[in-house]
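The values are calculated or read from the model by the stated rules, or taken from the named source; none is laboratory data. Here the structure is a predicted model, which means the values were calculated and not measured. So basically every Cβ, Gly included, is an ideal-geometry build from the backbone, and we count neighbours across all protein chains shown. Ligands, DNA and RNA are excluded from the accessible area calculation, which covers all protein heavy atoms including side chains. Shrake-Rupley method; radii C 1.70, N 1.55, O 1.52, S 1.80 Å.
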Amino acid sequence: MKNFIGLLIILLLGLWISAVEAAFFNLPQLPPAEEYGNILINRASVANNVKSVSFSHWQHRLKYTCRVCHSELGFNMKTNTTEITELANRKGKYCGACHNGKIAFRHNGNCDKCHNGNIAYAQGKFDVFSKFPFARTSYGDGINWVESLSQGTLSPAKYVKTKSQDISFDKMLVLDSEMSIIPPSIFPHKAHTAWLDCDSCHPEIFNIKKKTTKFFSMSYILRGEFCGVCHLTVAFPMDDCRRCHPGMREG
Ligand code: HEC
Ligand code: HEC
Ligand code: HEC
Ligand code: HEC
Ligand code: HEC
Ligand code: HEC
């Protein structure tokens, strides 16, 4: 009898989760696929009489892993916190590490390509994806970056100037929930270290010991902490429950 009631609760909860998950977790509204991961940088632009700067993650991650920009070149993972300046760019730092007329269009004289104030600026180039045999998803930018990488459709560079040391760590973690009825979330190190360095996550976002990170729950994740640092803005979004909780029922 006890087992039966337990089973009933699990079944009801399964239904409940798929019915009201979005409302319950108050998931943020997603932009159109071609704008997911696009940002407007405006720490200093408008104050200095130029339009804010458009930057598209999908356009750049076709060619570069995250670590190129977020480890090697020093961009923070929070918009408007990096001190990118016109002078620094000219000296070959930040955007200027590539936008130098060799790797990508020159920094001088192409002001409007960056300072256009248009978050949808890269839109016209989004059909590059229709020509690729990518596995598509229904969420975020709609691109399955994990599969595209493993199939070799993409081979984003790991560095531009300084070769990084490759530390491989493939451990798959199963993160059990505080609520025992919730199917656990998986955390595959491999899918992450293909794009990121250890120091993108350790020790600032996560402790380096399983289940020791404090306040590690969905409400904090949805406020942009932990997995939410990337899975609300650039990597596939929180709406894709089953990609993290494979045991959860289809909604
Ligand atoms: C070509 C450079 C480049 C690459 C590659 C890149 N980023 Fe970024 N990213 C940036 C810049 C620039 C910013 C804004 C920094 C600022 O304004 O201080 C940013 C911001 C972010 C933010 C904050 C977004 C927000 O809405 O506030 C996150 C999260 C992020 N990046 C994650 C990633 C991940 C994950 C990858 C790899 C899948 C990646 N980035 C690849 C340059 C890059
Ligand atoms: C490859 C992209 C890119 C190009 C091209 C570019 N900029 Fe910028 N620029 C940036 C970024 C990113 C920032 C930092 C934006 C911010 O924080 O508001 C910036 C900042 C600035 C600022 C803010 C104040 C300062 O001194 O840093 C000015 C002014 C500026 N750029 C002028 C220009 C002019 C003029 C051109 C053309 C000759 C130009 N930029 C070309 C990316 C670019
Ligand atoms: C690691 C190298 C690299 C860095 C760093 C980088 N870019 Fe780029 N960017 C490229 C390349 C390569 C392209 C050309 C992509 C293509 O083939 O369409 C590009 C394209 C662009 C475009 C598209 C222009 C168009 O007409 O389609 C914009 C806008 C842009 N970058 C802005 C920026 C800004 C702003 C920064 C800094 C915040 C930045 N990029 C940093 C390599 C880089
Ligand atoms: C990017 C990965 C990721 C996605 C996507 C995701 N979750 Fe989670 N979720 C976690 C992690 C990590 C935890 C904390 C550890 C655990 O409970 O397994 C968690 C915990 C939970 C919990 C336990 C209670 C709590 O608040 O911590 C529930 C319920 C839950 N998730 C439901 C969902 C639903 C519904 C969705 C889809 C709308 C979803 N999750 C999408 C990673 C994710
Ligand atoms: C995208 C984020 C991310 C990246 C990148 C990352 N990790 Fe982790 N790592 C985690 C999370 C999440 C945990 C679990 C933390 C918890 O449960 O409190 C973890 C746990 C660990 C653990 C403890 C495992 C256990 O079973 O207790 C080790 C060791 C570890 N990581 C090493 C690494 C190394 C080495 C790298 C680089 C090659 C790396 N990690 C890159 C997110 C990351
Ligand atoms: C620093 C950024 C970052 C953080 C933090 C992060 N991820 Fe990811 N994650 C990525 C990127 C980038 C990918 C590649 C797929 C993509 O971009 O959509 C990825 C892929 C995954 C995948 C692989 C899905 C597949 O199809 O194989 C899972 C599962 C996942 N993340 C779960 C998590 C969980 C759970 C957490 C928190 C414990 C987390 N991630 C934290 C950036 C991050």
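Net charge near Asn42: determine it from the other residues with C-beta under 14 Å of the C-beta of Asn42, scoring Lys and Arg +1 and Asp and Glu -1.
Result for the local shell: +1.
First check a/c for the stretch 127-186, with a ≥ b ≥ c the square roots of the eigenvalues of its C-alpha gyration tensor; if it is under 1.5, answer rounded, and if not, answer prolate when a/b is larger than b/c or oblate otherwise.
Judged from the Cα gyration tensor, the stretch 127-186 comes out oblate (a/c at least 1.5, b/c at or above a/b).
Out of the DSSP beta bridges found with both residues in the chain, what percent are antiparallel (nearest 5)?
Antiparallel bridges make up about 90 percent of those DSSP assigns within the chain.
Taking the Cβ of Leu73 as the centre, find all other residues whose Cβ is under 9 Å away and add up their charges (Lys, Arg: +1; Asp, Glu: -1).
Combined, the nearby Lys, Arg, Asp and Glu give +1.
Could you give each residue of the stretch 40-47 its phi-based ³J(HN,Hα) in whole Hz, using Karplus coefficients 6.51, -1.76, 1.60 with θ = phi - 60°, and x for Gly or Pro?
Using θ = phi - 60°, the values come out as 10, 9, 8, 8, 9, 4, 4, 5 Hz.
If you build a Gaussian network model of the chain, linking Cα atoms that sit under 10 Å apart, which residue out of Gly142, Gly92, Gly74 swings the most?
Comparing Gly142, Gly92, Gly74 in the GNM, the peak value goes to Gly92.
Whole Å is fine, so just give me how far the alpha carbon centre of the stretch 228-250 lies from that of the stretch 148-180.
Taking the Cα centre of each part, the stretch 228-250 and the stretch 148-180 sit 16 Å apart.
Under the rule of at least 5 residues apart or a separate chain, name every residue whose amide H is placed under 5 Å from the amide H of Leu173.
Phe187, His189
Who wins for biggest fluctuation among Asn144, Asn89, Asn48 in a Gaussian network model of the chain, springs between alpha carbons below 10 Å?
With Cα springs under 10 Å in the chain, the top fluctuation among Asn144, Asn89, Asn48 is at Asn48.
So what is the accessible area of the chain per residue, in Å², with the probe set to 1.4 Å?
Computed with neighbouring chains in place, this is 63 Å² per residue.
At 0.36 nm per residue, minus the direct Cα-Cα distance, what do Val128 and Phe206 gain on full extension? Give it in nm, one decimal, please.
The span from Val128 to Phe206 would gain 24.6 nm if fully extended.
Just add up the charged neighbours of Leu87: K/R +1, D/E -1, any other residue whose Cβ is under 15 Å from the Cβ of Leu87.
That sum, taken over residues with Cβ under 15 Å, equals +2.
Taking the Cα centre of the chain as the origin, how large is its charge dipole in debye, to the nearest 20, when only Lys and Arg (+1) and Asp and Glu (-1) carry charge on their Cβ atoms?
With Lys and Arg at +1 and Asp and Glu at -1, about 680 debye.
Output the 0 to 90 degree angle, nearest 10, between the alpha-carbon long axis of helix 2-25 and the longest principal axis computed from the alpha carbons of the chain.
30
Which whole-Hz couplings ³J(HN,Hα) result when phi for each residue of the stretch 77-86 is put into the Karplus expression 6.51 cos²θ - 1.76 cosθ + 1.60, θ = phi - 60°, listed in order with x for Gly and Pro?
8, 8, 4, 6, 10, 8, 7, 7, 10, 4
To the nearest 10 Å², what's Phe132's accessible area with a 1.4 Å probe?
80
Order Asp127, Asp112, most accessible first, counting only protein heavy atoms with a 1.4 angstrom probe.
Sorted descending by solvent-accessible area, the residues read Asp112, Asp127.
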